[in-house]
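S.K.: Below is one structure. I have some questions about it.
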Amino acid sequence: MKVLTILFFSFLCIQGYAVSSGYPSKVVGFHKDIIKNNSFFFSKSNSYSRPNTSEYVRFDLNIKETGFYDLYADVIAQNGKENSFFVRVNDGSVNKWHIPLSSKETRRKAVSKVFLKKGKNLIYFYSRESYTMIADIAAKFLFYNESPILSNSIIYNIGYPSKYRGVKKEKIEGNTFFYGERSSFDKNNLNDFIEFNVEVNDPGFYSLDANVIAPDGQRNSFYVKVNNRFAQLWSSGYTTQPSFKRVNSKLYLPRGKSKIVFYVREKNTKIADLKLSFRSTAKSSFTQRFTGSTQETRSHRLLEFVEDDQVIRASYEPYESGSRRVLYSYDVSRSNEYTLSYRVKFDKNFEFVKGGKLHGVGPLVKTTGCRPESKEGWSSRVMFGAEGRVKLYLYEQDRKQRCGRGVSTISDFKFETDRWYTVSIYTKLNSRGDRNDGTAKLYIDGVQLAQADNLRFRGVINNNTEIQSFLFSTFHGGSNESWSPSQTVKANFDDFVMVKGDYPRR
């Protein structure tokens, strides 16, 4: 049961490592108190409506990987008080962070899905409630967003605003533009605004563009507020003709309805409509099946979460058909193509023997384990081979052999032990049940080593046959003892990421 609990936490972070800050790099206006040998910092003043930027605690985080993180802080939120800080990351907007009442030191999530760049990042905590204490912070890696906007990305065009107040309308080139007649440089002045309601099907990160006219010779900007976040200053630049200008390149929106509000800052700067472009983002929904129930998992005793390295460690225990199976299946949002990436390191004494299986993807009902063909069943996985060779391992409709089809690499590549590799497997399904236009590709460290075309993964086209399962699948075998290692050997896994499209990681 303990192992399952830590597995849940690990996969929730997509196997991400943690970066801790320790002592703050700069403290201005805050007081210090030593509690249980830890230094806590607090302000004696309240500042509810806006951050008091003259008092803050700053932490410097050195990040190894650009990407999205959950941010945590060690805090003591005094009982009987309101408990919150204002939090700002680098030059981003300020977030209000509420902490549940706690008179004892506890680690709480401060910001979800914050974008941190490789290298030094500055995290500011501004006072909001007096005597709410903070010690140190940690960032948990979630996933990458390396890909550019997809050429076939989902585009949402948001036309006429759902609500507006204190602004004028003007028809220009057949489009209705809205503008304020007075400037308002106070971020908290919410009188004059243009509000757009948007609804998206896929939660994730979006690029937001606005169609604007910013008259030459004027300062040109709005304050922009998304849902209940703090308003952000946006400068549109000079343009005397209608033009789409980038407002935000990494805007997180939940599934369903969101509200985007533009507050007037400079008079006569005009805005018409918005455009949202969905960005390639990792799908983390496959994590939600880790509930701690032994009925949902098999061989959980062969997995452990390594606290120091923030990795999952799998044990390969010999038995009559290779090694004991470590098999899990997790739901992801349905798609006809996905790239699954993860990192693997085989221990120094790892025995590849004749080979075995590594992780992949599948439909609702998977075909594996030499089972007969099923019109709705298929799977796409990776296989390690003798001496560390690697290949694609596919169950499709037209296979000629009883078990899966192995597709060898175009090179003599072999896994070495005691070093990390990034494995990416791209799977694109056939478009019709009678059409063999599916594809599978295998990449190691971003280099393509194998490809299989003309595949007919599924015999029918319906929701059940789409990619919707992440298959955590690793073992030796095999059908007899000749596939078995001579002893229990181990391998480490980290950074599981699924992205719609062909986007291998390096």
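Laboratory data are not the source of any read-out in this text; all were calculated from the coordinates shown. Since the structure is predicted, the reported quantities are computational estimates derived from the model, not experimental observations. Please note: Cβ atoms are built from the backbone with ideal geometry, for glycine as well, and neighbour counts cover all protein chains shown.
S.K.: Going by average Cβ density within 10 Å per residue, which order do the peptides 51-59, 68-76 take, highest to lowest?
M.R.: Listed from highest to lowest mean packing, they are 68-76, 51-59.
S.K.: Under 5 Å between amide H atoms, partner at least 5 residues away or on a different chain: which partners does residue 404 have, H built in plane at 1.01 Å?
M.R.: For residue 404, the qualifying residues are 370.
S.K.: Can I ask one more? What are the ³J(HN,Hα) values, in whole Hz, obtained from phi via the Karplus relation 6.51 cos²θ - 1.76 cosθ + 1.60 with θ = phi - 60°, for each residue of the range 32-45 in sequence order, with x given for Gly and Pro?
M.R.: Values, residue by residue: 10, 9, 8, 10, 6, 6, 10, 8, 10, 10, 8, 10, 8, 10 Hz.
S.K.: Classify the range 385-484 as rounded, prolate or oblate from the Cα gyration tensor: take a ≥ b ≥ c as the square roots of its eigenvalues, call it rounded if a/c is under 1.5, otherwise prolate when a/b beats b/c and oblate if not.
M.R.: prolate
S.K.: For the range 477-491, in order, what is each residue's ³J(HN,Hα) by Karplus, 6.51 cos²θ - 1.76 cosθ + 1.60 with θ = phi - 60°, in whole Hz (x at glycine and Pro)?
M.R.: So the J values, rounded to whole Hz, are x, x, 10, 8, 5, 5, 8, 7, x, 6, 8, 5, 10, 9, 9.
S.K.: Rounded, prolate or oblate for the range 331-371? Axes are the square roots of the Cα gyration tensor eigenvalues, ordered a ≥ b ≥ c, and the cut-off for rounded is a/c under 1.5.
M.R.: The shape class here is oblate.
S.K.: Another question about this same structure. Between their Cα atoms, which of 257/391; 96/490; 345/428; 140/163 are more than 32 Å away from each other?
M.R.: The answer is 257/391; 96/490; 140/163.
S.K.: Based on other C-beta atoms within 10 Å, arrange 26, 400 from fewest to most.
M.R.: 400, 26
S.K.: For a quick check: sort 60, 192 by the number of other beta carbons within 10 angstrom, fewest at the front.
M.R.: 60, 192
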